[in-house]
Amino acid sequence: MQQLFTRLTFALFAVCLTVSCRLAAQPNGNLLPDPSIESIQEKNQFGIPFSKWGGWIYDGAPQFRVGKVARSGKTSAEIIGVQGGKIRLASPPVTLEPGRYRFSCFIRGLDVGVHQWDYNLDVNFADEQYHTFKKPGTFGWTRLTVVKDVTKKGPVEFRIGLHAPGRLWVDDAELVKVGNETPLTKEPVLSNEEKLLAPPGPLDAATAIHCPDCGYRNMPQWNRCYACGAVLVAQVTERQGPPIKPLASFEEGKLAPWSASQVASV
């Protein structure tokens, strides 16, 4: 009995030591759960299709979707904005010790408009300050970075909002603790696009089809829309079903199957 108790105690100590080592090493890596936004669910009552990431729909009828394009993995977060709409995506909250932290993620845009106050996006991280900025149009995966000081222990999350029509994708987020030599950011820092959002090949005007989701033109052999990732549906060029049998062609002055008639008064 004593030997069994000793073995169980040693096993429990080993497990605790392993967990402790992992937790000690964690600040040097990514602190975010589900950073590539792969964990999805049926939309909840708030219109959120992600099981770990959250968000809010404030005004209008914008929406969240599971993105069909991804920088890595299979999915991303897709935000569809509308004119006069306001929507924000939020990362999973993480309890942080005081210190300096860097949050980064990659964003991708399709036909993103501009708010009447000359911005279209805002971000918030580690405090109550929201930074507005402008990234309009169509662009490929672009890294967004924010560095802030956390002054007290508590849950912290990152938020990004879309205040204009268009589509925005978010993927590959990272939250890491950094040293004081890493400069703070006064506003979000955007890197150059990793890859321009462009068709993977030439478009043939005669055979190109429109994406059933975003309307962009694609070649049928691409299978998925290069712009939004939707599955392409071949357009029907010939009538489906049984052949049409005309009643009469009226060729050579023949009226068959009709005959001469008179106009009747009512």
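The values are calculated or read from the model by the stated rules, or taken from the named source; none is laboratory data. Just so you know, these numbers come straight off a predicted model, no measurement behind them. For the accessible areas, the whole protein counts, side chains as well, though only heavy atoms, and no ligand, DNA or RNA atoms are used. Shrake-Rupley method; radii C 1.70, N 1.55, O 1.52, S 1.80 Å.
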Cα centroid separation - the range 165-232 against the range 101-138, whole Å: 15
Theoretical gain in end-to-end length, D111 to V231 [0.36 nm per residue, Cα-Cα removed]: 41.3 nm
Surface per residue (accessible, 1.4 Å probe) for the range 83-208, Å²: 48
Length gained when the stretch A206-T185 is fully extended (0.36 nm per residue, less Cα-Cα span): 2.6 nm
The range 43-143 - percent of accessible surface contributed by carbon and sulfur, probe 1.4 Å: 48
Reachable lysines, given that their alpha-carbon falls under 17 Å from the alpha-carbon of K86 and they are not under 8 places away in the same chain: K134, K135
